[in-house]
Structures are given as C-alpha cells and as structure tokens.
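Worksheet for the structure shown next.
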Amino acid sequence: MRFSTLSLRSVSIAAALVAATATAHASLTIPVNALVANSVQAFSSDAMAAFSLQAVSVIPLGTATAVAGTDNAFNLPITTITIGSGLSITKGDARGSALQFSRTTTSGVNYAVTLANFTIDYTGKQVLADVTLKGNTTTAKQQAIYSFNTETPLAIKYKFPLSITAHEVLNQLMLTEDTKTSFMTGLKLPAFVRSVLNTVDFGTLTQDIAVKFRAKPVSMTPYVPAP
C-alpha cells in the first residue's frame, strides 16, 4: 500500500510538472518502469524468412523476453518517456532490453550483432539502439537502426474511475544504411544479402501503456553485451 500510494503521488507530481514544462516549451523525461508499459517488436514473415535462409536466430537479452506462443515477437519493457511541448511524446526508451542476432556458419564459427537500449525518436521518425558486433571492443551508441511509419497513432483512453491506457502501432520498419552494414559485417553475410536488406520490412513495434503498477519495477540499467 505504501509503495502504491507513494508511486501514485509521484505520478501526480510528474503530471503537474509535465503541464508546467509543456507551457514553457521545454521537455521532461518521466520514468515509467514501474508501470505496465511495453513495446513489442514483431518481425514480419519476410524478415523471419530472411533470418531462416541465413541461419540467423534472434535471442532476447537483458529485460527483453519472447512473447509467449510466438516465434517472431519480443517484449521490450518501456522505461522512460519524454514529453515535449503540447504534451506530445517525443521519445520513448526501452533501456535494459536487447536483441541478439546470432549466426553460426557450417564450419562452426559463431557471429553476432546485439541491438540494445532501444529508443523511439518520434521527432526524427527513427528507432535507435546501441549496436555491438561480437568481438568488437566498441559499441555504436544510439545508432539509428530503423525508419518507421505510424500505422496507428498514439491514442489515450480514459475509463471511469481511474483507468488510463495508451496504444500505438509503428510499421514499415526499414533498416538504415548503417545497420545494414552492421549486419553484413557482424554476421559475415554473403554480399547478395545487402540487396535483400534493402527491401525487407522488418515488421511492427506496438506500444501499450497502462496506468497500473507492475509487481516489480523493471530495471533501468542499460544493457551491456558480454565481451
């Protein structure tokens, strides 16, 4: 009860700060890791077919989990949202979540590319992530990995007495040139695959936020791949 009371009070204070900040045309980042707030990456059938042809598997790491009953969808808990002027959401983060793309060649050599700490940049209409190639000592921080289209704009619903939910769907996830290069290099893919990556729609990102509390807040510690 104490946790819920204090958390609700914190949300109320945050809402008041948001209103004041919006009036000032500034921005404010609010933690939502204690709320039921999730982003689900669902890879398209074309993307899954491309993975299969090159023996690429997708492995959830950190706070990311596979969606039960599917082989193509992964849950990435949302940890913060950033509010801009006019109460518009300008950014959403899934800090701590990671997806590893792994490929083992017929000779038994394993290659991998890890995307971690995802950010949806609504202003630039891109999805960003930290990109690490297995064996590399450096990480490309917050590299643009996808461009996107908005299929279902963010809609906030209120139901009496105190039920607030938000839902949106982003589609047409197309790899950026930098990330195509990361996959080609990090997974040692054949040269012809580049032209395939130019045309594959990687699926959808669906965001659902409910103003109710998780049993346990999600960690906000950024995911760092093992050396």
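Think of the chain as having a plus end and a minus end, set by charges on the Cβ of Lys, Arg, Asp and Glu; of 41, 166, 187, 166 sits farthest toward the positive end of this dipole. Please list, short to long, the whole-number percent of alpha-carbon pairs of the stretch 107-227 in consecutive 5 angstrom bins beginning at zero. Binned Cα distances yield the sequence 2, 9, 15, 17, 17, 15, 10, 7, 4, 2, 1, 0, 0.
Per-residue ellipticity at 222 nm, computed for the chain from helices alone with -39500 (n - 2.57) per DSSP H run of at least four residues, works out to -6000 deg cm²/dmol.
In this Cβ point-charge picture (+1 for Lys and Arg, -1 for Asp and Glu), the chain has a dipole of about 620 debye about its Cα centre. Ranking 50, 100, 137 by Cα position along the charge dipole of the stretch 2-213, where only Lys, Arg, Asp and Glu carry charges on their C-beta atoms, puts 137 farthest toward the positive end. Summary: within the chain, the longest segment free of trypsin sites (Lys or Arg not before Pro) located in DSSP loops with at most 16 other C-beta atoms within 10 Å is 1-124. Counting charges near residue 186 (Lys, Arg +1; Asp, Glu -1) among other residues having Cβ under 10 Å from its Cβ returns a value of +3. Taking all Cα pairs closer than 8 Å and separated by 6 or more residues, the relative contact order of the stretch 77-195 comes to 17 percent.
All Cα-Cα distances of the stretch 2-213, cut into 5 Å bins from zero to the largest, leave 1, 7, 13, 19, 19, 14, 10, 7, 5, 3, 1, 0, 0 percent in each bin in turn.
Read the figures in this text as sums done on the coordinates, not as results from a lab. Treat the numbers as computed from the prediction; the structure is a model and nothing was measured. Neighbour counts run over all protein chains shown; Cβ positions are idealised from the backbone, glycine included.
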